[in-house]
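Just below is one structure, and these are the notes that go with it.
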Amino acid sequence: MGIVLKQSFINTLIVYLAFAIGGVNVLFLYTSFLDGEYYGLVTFLLSAANLVMPITAFGVQYTIIKFYSSYETKIERDKFLNLALVLPLFIAIPFGFLGNVFYEQISIFLSQKNAVIKDYTYIIYLVAVATAYFEVFYAWSKCNYDRFSEISSKRCTIDWR
């Protein structure tokens with residue numbers, strides 16, 4: 001079996017396994033352990049956080065993938081990582097400040113149709129920031145994996161200059 005076919009096969013198995021775990025989680029575990037309104041609450045919080053995450057991440061994950069290869073030394077890459085870690089904070093901190101100042105208005109607006117959401121509105125911000133940093137670290141790890149792997153894909157190794 002060729003290396004590309006082998007990697008594709010393993011990747012496909014991992015994706016199917018992830019879908020199976022997610023399916024079991026959503027179809028059986030959530031419905032067994034959560035009441036209907038809390039199941040809806042979890043779904044709403046995750047969905048709202050996924051809508052806010054791209055704004056919070058500020059596109060840094062795509063910047064890492066595009067410009068990683070232009071830094072040749074470890075010191076340059078470390079500086080680039082530091083910048084990539086700080087940039088989302090320039091969006092997340094003002095969002096957090098504004099969310100704190102206008103928390104009551106935001107929570108009242110979001111809880112018009114479902115009162116359960118009112119007490120958990122702050123979780124949207126926390127999940128969005130955590131997901132944004134997950135994406136940043138995932139992009140960084142993809143680039144480092146590509147750099148150290150035996151057969152590297154074109155991602156993170158293209159010189160875009």
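Figures for the structure shown
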{"quantity": "Unique residue being at negative phi and in the same structural domain as residue 107 (by TED's automatic domain parsing) when the list is 61, 7", "calculated": "61"}
{"quantity": "Filter pass, residue 40 being surrounded by 10 or more Cβ atoms within 10 Å (Cβ to Cβ), touching a residue at least 60 places away in the same chain (Cβ under 8 Å) and out of contact with any His (no Cβ under 9 Å at 6 or more places or on another chain)", "calculated": "yes"}
{"quantity": "Within the stretch 85-136, considering residues that are in contact with a Ser or Thr (Cβ under 7 Å, 6 or more places away or on another chain) and among the small types (Gly, Ala, Ser), the one surrounded by the fewest Cβ atoms within 10 Å (Cβ to Cβ)", "calculated": "107"}
{"quantity": "Positions within the stretch 76-109 being in contact with a helix residue (DSSP H, G or I) (Cβ under 6 Å, 6 or more places away or on another chain) and either of a type in the set (S, T, N, Q) or farther than 19 Å from residue 130 by Cβ (or both), in sequence order", "calculated": "107"}
{"quantity": "Leading residue by the ranking (surrounded by the most Cβ atoms within 10 Å (Cβ to Cβ)) among those in the stretch 46-84 that are under 30 Å from residue 119 (Cα atoms) and polar (S, T, N, Q)", "calculated": "56"}
{"quantity": "Boolean, residue 33 is at pLDDT below 95 and under 18 Å from residue 136 (Cβ atoms)", "calculated": "no"}
{"quantity": "Number of the condition not met by residue 143 [criteria: (1) closer than 21 Å to residue 50 by Cα; (2) touching a residue at least 60 places away in the same chain (Cβ under 8 Å)]", "calculated": "(1)"}
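The values are calculated or read from the model by the stated rules, or taken from the named source; none is laboratory data. These numbers were taken from a predicted model, which means no experiment stands behind them. Every residue, glycine among them, receives a Cβ derived from its backbone with ideal geometry; neighbour counts consider all protein chains shown.
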